[in-house]
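The values are calculated or read from the model by the stated rules, or taken from the named source; none is laboratory data. From a predicted model like this one, the values you see are computed outputs, not experimental measurements. Reconstructed Cβ throughout: ideal geometry from the backbone, glycine too, with neighbour counts over all protein chains shown.
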Amino acid sequence: MIIEKTKNFVMNFVNECKDVPANMAKLSAKAKEMGLKGVAKATFDDLFANRSFLQWLYLITLSFIIPIGMEFWVNGRIKDPISLLTSITGIICVILVAEGRATNYFFGLITNTIYLILSIKSAFYGEVATMIYFIAMQPIGLYAWLKASANDTSEAKETDNFTREAKKFTLKDWIKYIVINVIVWQVMGHAYKSIHSNSPFRDSITDATNFSGQLAQTSMYREQWIFWILTNVFSMYLWFGNGFNANTNPANLSIMVMYLVYTINSIVGWIQWSKATKKW
C-alpha cells in the first residue's frame with residue numbers, strides 16, 4: 001500500500017516536471033501576445049485592482065502604520081531601516097497571499113533575501129535553511145500560480161483573484177503533510193545537532209512548518225494558513241528567546257512586529273481562503 005502510494009507520488013511528480021517546458025512555453029507565448037505593456041498592466045492590476053477601501057486600509061495599516069509607528073513609539077526613531085524594510089515587504093507579501101495575488105512572490109523574494117542575511121547574523125541556522133528554501137520556492141510558486149490562472153476560464157477570474165484552483169485538504173492530504181512535518185523536523189534537527197547547534201530540534205520546528213506552509217501555498221491549499229500560524233508562533237518564541245531588547249538589538253523589534261502581524265493576517269487569510277474554497 002505504502003509502496004504503491006509512493007510510486008504514484010513519484011510518477012505524478014515526474015509527469016509534472018515533464019509538463020514544465022510545455023507550460024513555460026504557453027506562459028511565454030501568452031506574455032509575448034500581451035506585450036510589455038500588457039504584462040505591465042496585468043502586474044499592476046494584480047497588485048492594485050479589485051481591492052475595497054477596507055482592504056486598502058487593512059494593507060496600509062498593517063504594512064506601514066503599525067511597523068513604523070512601533071519603531072517611533074519604542075525607539076523615538078528608526079534604528080534599523082533594513083529590518084524595518086524586511087518587516088514591511090514581508091507583511092505586504094503575506095497580505096497579497098491572503099488576497100490570492102501572484103505578485104506576492106516578488107515581495108517574498110525581497111523579504112526572504114534580506115531576512116536570510118539577518119538570520120545569518122543572528123546565527124539562527126534553522127531560519128537560514130528555511131530562507132534558502134523560500135528563495136528557491138518563489139519562482140516555483142509564481143509558476144504554479146500563473147499556470148493555474150492561465151488554465152482558469154471562469155468569468156469570476158475578472159473580478160476575483162481566487163480561482164477554481166483554491167482548495168482544501170482531504171484526509172490523505174492531512175496525513176501526508178503531517179508525515180512531511182515530522183520528517184523535516186527530525187532530519188533538520190539532527191543536521192543542526194551535527195554542527196553543535198544549541199537547540200537543534202527547536203530550530204528545526206520552523207523548518208518543518210515553513211516547508212509545509214510553502215508547499216501548501218504553492219499548491220493553493222487553504223490549510224497553508226495553519227502552518228503559517230504555527231510558524232509565526234514558534235518564530236516569535238525564537239526571537240524572544242534570543243534576548244528581545246529593542247534598545248540593544250533594534251532588529252528584534254521589527255521582526256517581532258512582523259511576526260505578530262503575520263499571525264493576524266494568517267487568521268484573515270484562513271477566513272478568505274475558506275470562503276474561496278466554498279465557491280467551488
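Do you know which residues across the stretch 258-280 are of a type in the set (Lys, Arg) and either at positive phi or at pLDDT below 85 (or both)?
Passing the criteria: LYS278, LYS279.
Tell me, yes or no, whether the stretch 130-141 has at least one residue that is buried (at least 19 other Cβ atoms within 10 Å of the Cβ) and at positive phi.
Checked the stretch 130-141: no residue is buried (at least 19 other Cβ atoms within 10 Å of the Cβ) and at positive phi.
When residues of the stretch 72-93 are filtered for being assigned to a helix (DSSP H, G or I), farther than 22 Å from ALA40 by Cα and touching a helix residue (DSSP H, G or I) at 6+ places or on another chain (Cβ under 7 Å), how many remain? Full working, then the answer.
First, pick out the residues of the stretch 72-93 that are assigned to a helix (DSSP H, G or I): 72-75, 81-93.
Pick out the ones that are also farther than 22 Å from ALA40 by Cα and you get 72-75, 81-88, 90-91.
Imposing the further condition that a residue be touching a helix residue (DSSP H, G or I) at 6+ places or on another chain (Cβ under 7 Å) reduces the set to 74-75, 82-88, 90-91.
Going through the stretch 72-93 one residue at a time, the tally reaches 11.
Any idea which of GLU99, GLU158 is over 14 Å from the mean Cα position of the chain (by Cα) and either at pLDDT below 85 or crowded, with 18+ Cβ neighbours inside 10 Å (or both)?
Details: GLU99 fails: over 14 Å from the mean Cα position of the chain (by Cα).
So the residue among GLU99, GLU158 that is over 14 Å from the mean Cα position of the chain (by Cα) and either at pLDDT below 85 or crowded, with 18+ Cβ neighbours inside 10 Å (or both) is GLU158.
Please specify each residue of the stretch 39-67 satisfying the condition of being surrounded by 13 or more Cβ atoms within 10 Å (Cβ to Cβ), outside any helix (DSSP H, G or I) and either in contact with a helix residue (DSSP H, G or I) (Cβ under 6 Å, 6 or more places away or on another chain) or without any contact (Cβ under 8 Å) to a residue 24 or more places away in the chain (or both).
ALA49
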